[in-house]
1. Whether any residue in the range 317-332 is closer than 22 Å to Arg203 by Cβ and part of a strand (DSSP E or B) is what I want to check.
2. Here are the criteria: (1) within 21 Å of the chain's Cα centre (by Cα); (2) touching a residue at least 12 places away in the same chain (Cβ under 8 Å). Tell me which single one Ser122 does not satisfy.
3. Only one of these conditions is not met by Thr115: (1) buried (at least 21 other Cβ atoms within 10 Å of the Cβ); (2) among the hydroxyl-bearing types (Ser, Thr, Tyr); (3) in a loop (DSSP other than H, G, I, E, B). Which number is it?
4. Restrict the check to the range 172-183 and report whether at least one residue is in contact with a His (Cβ under 9 Å, 6 or more places away or on another chain), in contact (Cβ under 8 Å) with a residue 40 or more places away in the chain and part of a helix (DSSP H, G or I).
5. From the list Leu331, Leu353, Leu348, which one is farther than 28 Å from Val160 by Cα and among the hydrophobic types (A, V, I, L, M, F, W, C)?
6. Please give the number of the condition Gly209 fails out of (1) buried (at least 18 other Cβ atoms within 10 Å of the Cβ); (2) at negative phi.
7. Kindly evaluate His210 against the criterion of being over 30 Å from Glu333 (Cβ atoms) and touching a strand residue (DSSP E or B) at 6+ places or on another chain (Cβ under 9 Å).
8. On the basis of being surrounded by fewer than 20 Cβ atoms within 10 Å (Cβ to Cβ) and either assigned by TED's automatic domain parsing to the domain that holds Lys284 or of a type in the set (Gly, Ala, Ser) (or both), does Gly45 make the cut?
Amino acid sequence: MPSRRLTVLQLVPALEAGGAERSALEIGRALVAAGHRSLVVSAGGRMVRQLLQEDSEHVELPIGAKSLATLAQVPRLRALIRRERPDIVHARSRMPAWVGWLALRGLSPRPHFVTTAHGLNSPGRYSAIMARGERVICVSNTVRDYLLSNYPRTDPAHLVVIPRGVEPDDFPYGYLPDNSWREWFFAEFAQLAGAPLLTLPGRGTRLKGHADAIELVAALKARGIDTRLLLLGARQDGRAAYVAELEQLAAARGVADRIAISTQRDDVRDIYAISALVLQLSNKPESFGRTVVEALALCRPVLGYDHGGVGELLADLYPAGRAPVGDRQRLVERAAELLRAAPPIAPLSRYRLIDMQQATLRLYEEVAGLEPRAEGRG
């Protein structure tokens, strides 16, 4: 048990979906397991049920909307802080961080204020709040460098890199789905059968590099290398015109019969596990790149552009999977190399969920002045 029980209040816009929201649940679970108290403030959502089942507490306040009207929640949050007396207020998004920052002004005793920079937000006064924490958790060195570049008055000593982590039990090394799932999947996507599968996960936006993936399949075909491509999650409401554009490109390149575009799915692990390559071709740097770690945890090769958090992860975990940003010729060459003989992948020994949880709890306890704890879950 800890030398003193902490109360940590996390602030997120809502609990519907997303990396920041998932991290709030993961840290809440770790706090409870370590004997601390976990509170989360958000506008609510489908993840609240899981949060409560894991013995965190939830208070519903609309603190996430990007509007000056949201600042009306400052008095309510201040009253909550006075009542619950958290040791730490941890903000994971910009508007909740502003509400939390203002709510803490003038309080005595004043809880410690911690932020996590989950993304590469557009620089400016609105985003600057994420660099104002007593400690600022950066989900990658890419994020740390971005904050120091755009907010040069930030004290580097306040920035702590704690990468996101995946649960190896959810993405077990060497996992393969059973034959019944394979039969069901290839019955749904018959055009993907019969050749190595390339999978590019990502929502329906051109930032994710779907066009580059289609061009890759066409270029491999020209070299006599037969592949199939799944654009996983690109088919979304309101993105019909973009999907039609991708379908037209595939037809123009003569690979329409080798490509499928799906909605978001719950069997991502199984799809990764049968993929010859998982692609990460975002043309804009990303803050982390969780799909890189998930695929490598399963022992599946990843091919991605060498920039941002994706490039950082590949440099550390799978250097053979890096390709220069936007260099389609080198991308094709690297894909052909990996399809012919991919270098071996070791079981995941970092970027695990427990690594992220332990590092975050150590930071909380350090900020709050607790004695260092022994290693262990949470």
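The values are calculated or read from the model by the stated rules, or taken from the named source; none is laboratory data. This is a predicted model, so every value here is computed, not measured. When we count neighbours, we look across all protein chains shown, and the Cβ atoms used for this are built from the backbone with ideal geometry, even at glycine.
1. yes
2. Only one criterion in (1) within 21 Å of the chain's Cα centre (by Cα); (2) touching a residue at least 12 places away in the same chain (Cβ under 8 Å) is unmet by Ser122, namely (2).
3. With respect to (1) buried (at least 21 other Cβ atoms within 10 Å of the Cβ); (2) among the hydroxyl-bearing types (Ser, Thr, Tyr); (3) in a loop (DSSP other than H, G, I, E, B), Thr115 is out only on (3).
4. Checked against the condition, which is being in contact with a His (Cβ under 9 Å, 6 or more places away or on another chain), in contact (Cβ under 8 Å) with a residue 40 or more places away in the chain and part of a helix (DSSP H, G or I), the range 172-183 yields no hits at all.
5. Exactly one residue qualifies, and that residue is Leu331.
6. Checking Gly209 against (1) buried (at least 18 other Cβ atoms within 10 Å of the Cβ); (2) at negative phi, the one that fails is (2).
7. No; evaluated as a whole, the condition is false for this residue.
8. The answer is yes for Gly45.
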